[in-house]
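The values are calculated or read from the model by the stated rules, or taken from the named source; none is laboratory data. Quick caveat, the model's predicted, so the values are computed rather than measured. We place every Cβ from the backbone using ideal geometry, glycine too, and count neighbours over all the protein chains shown.
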2 protein chains.
Amino acid sequence: MNCEVLAIGTELLLGQVVDTNSSWIGEQLALTGIDCLYQAKVGDNPARIRTALREAVDRSDAVIVCGGLGPTQDDITRDVIAEVMGVPLHRDAAVEERIRTMFGSRGRDMPANNLRQADVPEGATLMAQQPGTAPGLICPVGDKVVYAVPGVPYEMKEMVEGSVLPDLARRAGVQSVIRSRTLRTWGHSESGIAEVLADRIVELDALGNPTIAFLASGIEGLKVRVTAKADDDAAAESILEAELAVLAPILGDWTFSAEDESMETVVLGLLRERGLTLAVAESVTGGLVMARLTAAPGTSDVLKGGVVSYFSEVKYDLLDVPEGPVVSLEAAKAMADGVRKLLEADVGLGVTGVAGPEEQEGQPVGTVFCGWAIGDDVDAVRVQLPGDRRRVRDFATITLLDLLRRRLLA
Amino acid sequence: MNCEVLAIGTELLLGQVVDTNSSWIGEQLALTGIDCLYQAKVGDNPARIRTALREAVDRSDAVIVCGGLGPTQDDITRDVIAEVMGVPLHRDAAVEERIRTMFGSRGRDMPANNLRQADVPEGATLMAQQPGTAPGLICPVGDKVVYAVPGVPYEMKEMVEGSVLPDLARRAGVQSVIRSRTLRTWGHSESGIAEVLADRIVELDALGNPTIAFLASGIEGLKVRVTAKADDDAAAESILEAELAVLAPILGDWTFSAEDESMETVVLGLLRERGLTLAVAESVTGGLVMARLTAAPGTSDVLKGGVVSYFSEVKYDLLDVPEGPVVSLEAAKAMADGVRKLLEADVGLGVTGVAGPEEQEGQPVGTVFCGWAIGDDVDAVRVQLPGDRRRVRDFATITLLDLLRRRLLA
């Protein structure tokens, strides 16, 4: 069983948008045990979409068409699929009603164009998930199948996970299951991780199952993915568990999550377990640390809040940082302690540094001071981070949170 | 003249690496006036690369093959191109010498595999740029041409800019240039913008030049891209200017930038022009507004900083919000005014609301109150935003900044 991906949109060919959808779908197909041998992009042109879709249907067992389901004139995926199926479109009353209701609930007038999204090829099935206005479609073409999903990533992901992958697995009569577990690590480079795992990888290469892959994911840490193949879920899980037990002592406390959790989720969990509240003072990261901490729901019992002290006077006046250099160990310590006192929190964090592009107070770009205040432990460290402004800010964020994690576990 | 892109590598299909090369090449081709109608990815499989390359050569005037030029066994692009050309490979003595020298100069032993990179199809020309060990190749196939470049981005870019684009332009006898301008808008849905512009789009469709495209980019706003084709830069720019003059009154103050700037760049610019400093109090957005404002350099003369008041008591104690409901117009107003006073800034912003997944204080998910304090103008508005937690927070951020923009321009 194989399935290819056809991404629709002139903006993809012009390089205005990078096609991350196909990559994500490719990964999910691999994890489901479905081969993905081709991925292609075409623009919003009916003739070229038709040709590309016909070729894809001829060549593969299944095709996921991504994009072109929106309400505008150049969203023509529905029409072309109906042509390739050799059927007319009809307007689905339930979808029409749903679209009208969605607009009504926001108190906005609905442009008439939007109803085009209720047009469905005869014989196609609607996917149950409908996070946006455009429904996903399961379209039989002979003994093959074309799935149509929107190009909006979160809508696409919900439909691929909820409808496409289960339908593909059912059609494939997939017996063997593929399961993965992702460890997240921080504090070591990709080549460093590869080096400590080198012996184990040689052993696994000989066995063939499970396999290990690495992926450096910036602020998400360095991911180590273990993948096992087996006859059923239980067998796959037991291979994974055994392998994780082998890896745990090798990776040590570089591993911050064995459950693919983000650093902020891990840190919030540790604080919650200990009944501690947190306050954060940010300079170089400008709010990024708190924005990350509050990205997921359920922060509001732990994070009291914090201060972004971009001007030096805000550090002096509000956080009681001693007058003087603000890119320093002393400032980071004082920020952590000051914000803890100001917000009456149990734990304080402070971060100051130079994100660039210019040096500051004679310190080079990438110089970052991370401070913490936990009980009597009020201290700071200096780190030198690589990269441009964005990477320095991202790395400063995960480095600060990792320091807190290690303090809480110590 | 058109040119398609074929990216080679199983890692691209598995989603381990996102294919940003094709996007970048697509953009360069567009800017050079070469149409790029197809882009495809295939794995490191000789039969499938061969089929994909033959189809591409049949369909298009030129093909850029990206990747598969490395030294390992699965780097087979050279071999397949030679097959499609119908010629043998020969080992190029100069390239062999160069590879030996590169390894020698780094004091490393050279794996014998590396010499495969000196194998060149008969009749192919080597590109002058050679930033790595793998040379780029210009391979004639009848009256068409296949360019082979490495998958390593900086090597690929140097060769595409230095050899591929000039060669394509020469073959095309390119006289025409393509230029785009992107307007950023906020306050109207994609379908709403399409409806407002419908008449103009019909007129432009008849003319064929310039063209208009839309792109909803979340926190980046809704982009309206105008693209013009002309004999030279000056003529293309004058078509663009004329079209922007037509669009300006239609889009009105939905347009926040005619220069593809972000909302935060625009707002910071307006504040700087007026010599005003800013302080921000965030609840629902948890630091996102300030993280956005500080993402680009050059904020430090405008943004004094702010407070993330996640716990209600932080709002009451630090920002002087009156005790009572914190998801309210009153709280948003008081936050804006309170943070302005606390940080001694000229302008204050406050944002509170419900990002979900649960409702709060009886208010549904998506309810957001945006407050401002500018001189005597201290007020707030309620907005109802669509989507999940992430989208509510993103939309709250751009909505708050857009409100400030409108106040500053009023």
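Computed quantities for the displayed model
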quantity	calculated
Filter result for residue A:261 (closer than 30 Å to residue A:390 by Cβ and more than 26 Å from the chain's Cα centre (by Cα))	no
Residue selected from the stretch B:13-29 under the condition farther than 14 Å from residue B:161 by Cβ and modelled with pLDDT under 85, by the criterion nearest to the other protein chains (Cβ to nearest Cβ)	B:15
Count of the stretch B:238-297 residues which are within 30 Å of residue B:341 (Cβ to Cβ) and aromatic (Phe, Trp, Tyr)	1
Candidate set: the stretch A:96-122, residues that are modelled with pLDDT of 90 or more and surrounded by 16 or more Cβ atoms within 10 Å (Cβ to Cβ); chosen: the one nearest to the other protein chains (Cβ to nearest Cβ)	A:117
Restricting the stretch B:7-22 to residues that are among the aliphatic types (A, V, I, L, M) and farther than 11 Å from residue A:39 by Cβ, the residue that is farthest from the chain's Cα centre (by Cα)	B:8
Only one of A:148, A:40, A:47 that is among the hydrophobic types (A, V, I, L, M, F, W, C) and without any contact (Cβ under 8 Å) to a residue 12 or more places away in the chain	A:47
Single residue of B:212, B:219 found to be under 26 Å from residue A:155 (Cα atoms), under 20 Å from the mean Cα position of the chain (by Cα) and assigned to a helix (DSSP H, G or I)	B:219
Members of the stretch A:274-292 found to be facing chain B (nearest Cβ under 9 Å) and assigned to a loop (DSSP other than H, G, I, E, B), listed by number	A:277, A:283, A:284, A:285, A:286, A:287
Residues of the stretch A:298-317 that turn out to be at the interface with chain B (Cβ under 7 Å from one of its Cβ atoms) and either of a type outside the set (S, T, N, Q) or surrounded by 24 or more Cβ atoms within 10 Å (Cβ to Cβ) (or both), as a count	10
Boolean, residue B:224 is surrounded by 14 or more Cβ atoms within 10 Å (Cβ to Cβ), within 14 Å of chain A (Cβ to nearest Cβ), outside any helix (DSSP H, G or I) and of a type in the set (A, V, I, L, M, F, W, C)	yes
Residue within the stretch B:305-321 that is of a type in the set (Val, Ile, Thr), at pLDDT below 95 and under 33 Å from the mean Cα position of the chain (by Cα) present	no
Considering residues of the stretch A:352-366 that are more than 9 Å from chain B (Cβ to nearest Cβ) and of a type in the set (A, V, I, L, M, F, W, C) only, the residue nearest to residue B:314 (Cα to Cα)	A:354
Residue match in the stretch A:53-67 (condition: away from chain B (no Cβ under 14 Å) and within 16 Å of residue A:151 (Cβ to Cβ))	yes
Selection within the stretch A:30-42 - under 21 Å from residue B:7 (Cβ atoms) and either surrounded by 22 or more Cβ atoms within 10 Å (Cβ to Cβ) or more than 7 Å from chain B (Cβ to nearest Cβ) (or both)	A:34, A:35, A:36, A:38, A:39, A:40, A:41, A:42
Residues being in contact with a His (Cβ under 8 Å, 6 or more places away or on another chain) and either closer than 24 Å to residue B:29 by Cα or at pLDDT 90 or above (or both) - total across the stretch B:221-275	1
So residue B:125, is it modelled with pLDDT of 90 or more, hydroxyl-bearing (Ser, Thr, Tyr), more than 30 Å from residue B:60 (Cβ to Cβ) and surrounded by 13 or more Cβ atoms within 10 Å (Cβ to Cβ)	no
Residue in the stretch A:119-126 that is closer than 13 Å to residue A:90 by Cβ, in a strand (DSSP E or B) and charged (D, E, K, R) present	yes
Residue check for residue B:266: assigned to a helix (DSSP H, G or I) and in contact (Cβ under 8 Å) with a residue 40 or more places away in the chain	yes
Condition broken by residue A:83, with the remaining ones in (1) within 25 Å of residue A:2 (Cβ to Cβ); (2) buried (at least 17 other Cβ atoms within 10 Å of the Cβ); (3) in contact with a Leu (Cβ under 8 Å, 6 or more places away or on another chain); (4) of a type outside the set (A, V, I, L, M) satisfied	(3)
Some residue of the stretch A:375-393 being at pLDDT 95 or above, closer than 27 Å to residue B:282 by Cα, under 33 Å from the mean Cα position of the chain (by Cα) and away from chain B (no Cβ under 12 Å)	yes
Subset of the stretch A:298-324 [touching a Gly at 6+ places or on another chain (Cβ under 6 Å) and at positive phi]	A:320
Failed condition for residue B:271, given (1) at the interface with chain A (Cβ under 9 Å from one of its Cβ atoms); (2) touching a residue at least 60 places away in the same chain (Cβ under 8 Å)	(1)
Selected residue (only one of A:343, A:349 is surrounded by 24 or more Cβ atoms within 10 Å (Cβ to Cβ), within 14 Å of chain B (Cβ to nearest Cβ) and within 21 Å of residue A:266 (Cα to Cα))	A:349
